[in-house]
Structures are given as structure tokens and as C-alpha cells.
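The values are calculated or read from the model by the stated rules, or taken from the named source; none is laboratory data. Keep in mind the model is a prediction, meaning the values are calculated, not measured. Reconstructed Cβ throughout: ideal geometry from the backbone, glycine too, with neighbour counts over all protein chains shown.
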Amino acid sequence: MNRFKSFYNSHRQRLFGYLLKMTGDYQLAADFMQESFTRYLERYQDGELSTSLLFTIARNLVIDHSRRPGAGEPYEETRNGTGNDQERLLMVREEYRRVLAAMQKLPGNDRDILSLVVSSGLPYSEIANIAGISEANLKVRVHRCRLKLRKYLETGDV
């Protein structure tokens, strides 16, 4: 169990970041992160711990959720941050919301790929394997996604 605890501690922040970028919702991302680790532990606890498999499980949860009726309904953000510099915190939050809103405009596969690249810390070869495409195709798609995202942010189309 210590082995899995160490695995959890070393991957939870990256997985949560990926899920937050995919869903755009803090609570939903937290739920998916918990469910991903739970499913991983239930099914693969005796095998070798694999980051790729963990992110594949999380990705499949997001895909399954998006297929459900009413999945696109936004959730209200209920968390309030604390800190000494409230103005700076507010600005960071607003910018983060803008980026998340821009990412939500990307098609599902593009958003998925860009989120994996940015949040997972996995090499391109493993991400390509998860997405079921070649590594060269992945690099091209990531570049195009970043250009689209930049365009959304620059035009204020979020």
C-alpha cells in the first residue's frame, strides 16, 4: 500500500491539472481524480504502476461523462481562495478562467491532447499511445491547438 501511496502523491497534482483543463470544473475534476485512482487501485494494484494507464483511466472517465445527457451544464465555483494579496489572486483566477474557457472552445480531442501534454508530464510517445495517434501527428496537433488557443485569448473570444 505504501507503493500506491507514493504513486498517488507523485501524480495527483498533474492528474488533477489535466482533469481541470479537460472539464473546466474544480469539483468535477476532483471527483474524476478520486475515481481514477480508485479504479486504478481496484484493477491494477498488483501490477507495475503506470502513469500512462492512470491518465488513460482518467481520460476515459471524462469521455464517458461527456456522453451523458446534461454533461455540458456548468457548475458554480464554490471554492474561495485565501491569501495575502487578494487583488493578485483575483487576477490569477480571472486569467485561469479565461484560459479554461478558451480550452473549452477547442474540439474535444484537441482539448484532450493539449491537456495531456500540459498537465501529465508524460513524454510525447506515451501521450501519442494514449491518444491512439503517431508521435509526429501528436506534435502537429499540439502546435495547432496552441495556435487556436492563442487566437481565442488574443481576440477575447472566450
Assuming Ala102 fulfils every condition listed in (1) under 23 Å from Thr51 (Cβ atoms); (2) buried (at least 17 other Cβ atoms within 10 Å of the Cβ) apart from one, which condition is it?
(1)
Can you tell me which condition Met91 does not meet? The list is (1) in a helix (DSSP H, G or I); (2) at pLDDT 80 or above, and all the others hold.
(2)
Failed item, numbered, when Ala131 is tested on (1) among the hydrophobic types (A, V, I, L, M, F, W, C); (2) touching a Gly at 6+ places or on another chain (Cβ under 9 Å); (3) more than 17 Å from Gly24 (Cα to Cα):
(2)
Does the range 45-63 contain at least one residue that is in contact (Cβ under 8 Å) with a residue 60 or more places away in the chain, out of contact with any Cys (no Cβ under 8 Å at 6 or more places or on another chain) and among the hydrophobic types (A, V, I, L, M, F, W, C)?
yes
Which numbered condition in (1) more than 20 Å from Gly17 (Cα to Cα); (2) touching a Lys or Arg at 6+ places or on another chain (Cβ under 9 Å); (3) in a helix (DSSP H, G or I); (4) β-branched (Val, Ile, Thr) is the only one that Ile133 fails?
(3)
What is the one condition in (1) surrounded by fewer than 17 Cβ atoms within 10 Å (Cβ to Cβ); (2) more than 19 Å from Arg59 (Cβ to Cβ); (3) not aliphatic (A, V, I, L, M) that Tyr152 does not satisfy?
(1)
